[in-house]
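Engineer: Take a look at the following structure, please.
The values are calculated or read from the model by the stated rules, or taken from the named source; none is laboratory data. Just so it is clear, the model here is predicted, and its values are computed rather than measured. All Cβ positions, even for glycine, are placed from backbone atoms using ideal geometry, and neighbour counts span all protein chains on display.
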């Protein structure tokens, strides 16, 4: 288990869930699996915390849910992106990239502060 | 096709069990995770533990999820409710746009009915029900309506009943107020020194009157009403301490009461307040024989504040005990113990006897308004029911096409609620206009409601809207409910017209409409006949072109010799006005209130019978008969020199001559009237003295010149007749009199003709009210009859068409339709006629001898309704007779 335990910023989980659902509807467990997979298990959050986030997204109208059947033939609740959820993902992703770019640029700076 | 918005899909997901869903979701997650771990080689137990471990606090997450889901469901439900309501409203508006006359009719009728009733209720509320402004805890106040108290008796009784109540006393007196150059006549409230402390009322400016003001040696103090302060003193706050002249004596202004304060009076707002001693020391000279300390002069009315724990009956007992212990406390007449009458509620306490009259008049007005409301209600009910029946078919179709019954009901509910909202708003507007109108009305002899703050409050708004809502819900939803419950197939195939219960209800409504209409029409006809008869009555005098005004020389503190000079000089000045043909003074006029009675005996005749021992009199100056054009019949009337003759002279009327002359000539006979011996010099025509429909009664005219000491110091009326050239004669007469003597304020100036017209005011008002109501009712009933007949035609169209197809004459179809409607109209006419004959007996006094069973009125009222009903029913009947029978039969 790697030590780099990342503390999730407020709202980050939401964007990642939206991203997970951007290909096709998934149930909660599949979202967890995907998150762990793409982050190389670096994200160690309680799996349960995903669910309030999903329900909140549903309440805000970005995600909708439907009962379906899982790969092994069990009833599972599938979440999918709504059009407004997709728009939200797009704008969130853009602002994340800009934010990350700025932080990266700052951290990569070589010029030291000029005395006045 | 428009894309279905996203929220609609959520809406359909309503009503799931959120907790179970979340549980299932969590369980699925745990199972999947455990399965995966097992596949990786863990034991079942270990896998399960690990899965739970990774999930975290299951209970917490579950709780959070359920809470989120529930709040989402709540939001969606609210959203859906608003959207549905909005859609229903739009549908309803579209419905109403298609039938504007239905909306107009029901909204206007409801608005008129509710608005009129509300306005009247506000008036009754302000006068009768609302607590008096500026009075502390009015529910503790009691009013001792009888007997009137002499001042010393009041002082004694007040001390003796102190344990039961704090008593104060008051009376109304006219006063003249002189400030600067202008003298005006006003109404003063003469009160005991503790009056304001018993009422718990404070002054807005300065102080109210207090106990120490009410003493013989105290300087005269006066408290102004807010209105007087505003109009006469321009709201000058430096007015406190200023000296004015009351009845010619100086008085210091000590306070101004708050706006709206009117003591315990009902409608009349006193202009100023004086203490008993303050007023008496400036009392008119006709009180000069009286002593404030006499116990024979019961002129004060008592009111009191009950001590804690005491009841009005305790006060009655205490007062009675006092009257038995000390008879003279209560007594003018020595042999009777008067029963004190205590009116407990302050609403009833206000206004005294005159108040009772005003109150009953107001209740009558309210009842009339309520009758209009009832009519409006019946009308709207039948409109709504008819509409409901019309729509049964439409509703049936919608149900058959799979419309949700609940949704349909909701739709209809929205429609009725919308109608009620319109009607409620319109009612409030009507009520607002109505209260403004009522506030501007001044009824001669009754007073004005201007000083009461009438307004349409929140409470009225609630009442108006809920009444409108109640009506429209009751009658709007009933048919809808029935329609939605009914057999769908029957509703479509028969057009929903097999509705016996609802039809009976409609019939009942029509019958009551017709009977109300007939009752109102006959009532109006009776009043019209009464008025016509009253107008045809010759009053015996000619009121046209005569101005009258009143002066009160006693209040100006004249003595008899000054009074005589004034009366003679004023007549000269009035006679000098160009165009004046006759001038006179009199202490009473025909058809004015009040009567003067004197004892009578005829010299040389045996004592008169009991009912003839007293006779009504008036003191008049020479010129009186000319001014009123009362025709002399025998002998002569007064001339200028009559007061010079040693023996007194009188003029009598024809009824007197007939009753006492016994066929012989009455002129030259001697009478004893009120103790003085007088010679009859002439006989004049009979005049209507009190009521237009009275029988001629004996009357004696005394010359005023001889009796100034008796009559001239009381208020006397100046009469001025012109050739008709002056339009503002009453004002001119007033100005002339003011110019002649600035210290005498003439009052109550008017054209005698106007006063004469006012004698018929109750009849005119009743006729107006009934006339308007009956026309309203008439229109409503016609609509009802028309729609009943059309309805009959529509429901029976198959049967009628079949008969026509089989060769029936069109006339027989017309007859059948008419018969159906007229039976119901006939029942209503009979019921209404019976009701009006019974009801109008109470109003007989206003009818001038027209009997409630007057055939003309009955025939006119009932006949009008019958004929109009026939015509109204004829339209659909003719249409039925002319229909294309085969086409109709094929239609269904």
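Engineer: Does at least one position in the stretch B:129-148 carry a residue that is away from every other protein chain (no Cβ under 14 Å), surrounded by 14 or more Cβ atoms within 10 Å (Cβ to Cβ), on the phi > 0 side of the Ramachandran plot and not in a helix (DSSP H, G or I)?
Structural biologist: Yes, the stretch B:129-148 has at least one match.
Yes/no matrix, rows are residues, columns are (1) out of contact with any strand residue (DSSP E or B) (no Cβ under 8 Å at 6 or more places or on another chain); (2) assigned to a helix (DSSP H, G or I); (3) under 16 Å from residue B:699 (Cα atoms); (4) in contact (Cβ under 8 Å) with a residue 60 or more places away in the chain:
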| residue | (1), (2), (3), (4) |
| --- | --- |
| B:563 | yes, yes, no, yes |
| B:569 | yes, yes, no, yes |
| B:584 | no, no, no, yes |
| B:634 | no, no, yes, no |
| B:652 | no, no, yes, no |
| B:657 | no, yes, yes, no |
| B:660 | no, yes, yes, no |
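Engineer: Scan the stretch B:831-845 residue by residue and report those that are touching a residue at least 24 places away in the same chain (Cβ under 8 Å) and surrounded by fewer than 16 Cβ atoms within 10 Å (Cβ to Cβ).
Structural biologist: Correct list: B:839 only.
Engineer: What is the residue count in the stretch B:849-871 for residues that are under 30 Å from residue B:535 (Cα atoms) and without any contact (Cβ under 8 Å) to a residue 40 or more places away in the chain?
Structural biologist: Total satisfying the criteria: 6.
Engineer: Of all residues in the stretch B:550-561 being surrounded by 22 or more Cβ atoms within 10 Å (Cβ to Cβ) and touching a strand residue (DSSP E or B) at 6+ places or on another chain (Cβ under 8 Å), which is nearest to residue B:732 (Cα to Cα)?
Structural biologist: Top of the filtered list is B:551.
Engineer: If I filter the stretch A:85-93 for residues that are in contact (Cβ under 8 Å) with a residue 60 or more places away in the chain, within 30 Å of residue B:76 (Cβ to Cβ), within 11 Å of another protein chain (Cβ to nearest Cβ) and crowded, with 19+ Cβ neighbours inside 10 Å, do I get at least one hit?
Structural biologist: Yes, because at least one residue in the stretch A:85-93 is in contact (Cβ under 8 Å) with a residue 60 or more places away in the chain, within 30 Å of residue B:76 (Cβ to Cβ), within 11 Å of another protein chain (Cβ to nearest Cβ) and crowded, with 19+ Cβ neighbours inside 10 Å.
Engineer: All but one of (1) out of contact with any helix residue (DSSP H, G or I) (no Cβ under 6 Å at 6 or more places or on another chain); (2) within 14 Å of chain B (Cβ to nearest Cβ) hold for residue A:96; state the number of the condition that does not hold.
Structural biologist: Only one criterion in (1) out of contact with any helix residue (DSSP H, G or I) (no Cβ under 6 Å at 6 or more places or on another chain); (2) within 14 Å of chain B (Cβ to nearest Cβ) is unmet by residue A:96, namely (2).
Engineer: Hey, can you tell me all the residues within the stretch B:510-540 that are buried (at least 22 other Cβ atoms within 10 Å of the Cβ) and farther than 24 Å from residue B:855 by Cβ?
Structural biologist: Those that are buried (at least 22 other Cβ atoms within 10 Å of the Cβ) and farther than 24 Å from residue B:855 by Cβ: B:510, B:513.
Engineer: Kindly provide the set of residues from the stretch B:594-604 that are in contact (Cβ under 8 Å) with a residue 24 or more places away in the chain and over 14 Å from residue B:701 (Cα atoms), ordered by number.
Structural biologist: B:601, B:602, B:603, B:604
Engineer: Could I ask something else about it? Check whether at least one residue in the stretch B:706-724 is at pLDDT below 85, over 36 Å from the mean Cα position of the chain (by Cα), surrounded by 20 or more Cβ atoms within 10 Å (Cβ to Cβ) and assigned to a loop (DSSP other than H, G, I, E, B), and report yes or no.
Structural biologist: Yes, the stretch B:706-724 contains a residue that is at pLDDT below 85, over 36 Å from the mean Cα position of the chain (by Cα), surrounded by 20 or more Cβ atoms within 10 Å (Cβ to Cβ) and assigned to a loop (DSSP other than H, G, I, E, B).
Engineer: Listed residues B:125, B:156; which is surrounded by fewer than 20 Cβ atoms within 10 Å (Cβ to Cβ) and in contact (Cβ under 8 Å) with a residue 12 or more places away in the chain?
Structural biologist: B:156
Engineer: Take the stretch B:40-67 and flag every residue that is at the interface with chain A (Cβ under 8 Å from one of its Cβ atoms) and outside any helix (DSSP H, G or I).
Structural biologist: B:56, B:57
Engineer: When residue A:65 is evaluated against the numbered criteria (1) closer than 24 Å to residue B:54 by Cβ; (2) more than 12 Å from chain B (Cβ to nearest Cβ), which criterion, by number, is the only one it fails?
Structural biologist: That leaves (2) as the condition not met.
Engineer: It is to be established whether one or more residues within the stretch A:39-48 are away from every other protein chain (no Cβ under 13 Å), under 23 Å from residue B:71 (Cβ atoms) and crowded, with 19+ Cβ neighbours inside 10 Å.
Structural biologist: So far as the stretch A:39-48 goes, no, none of its residues is away from every other protein chain (no Cβ under 13 Å), under 23 Å from residue B:71 (Cβ atoms) and crowded, with 19+ Cβ neighbours inside 10 Å.
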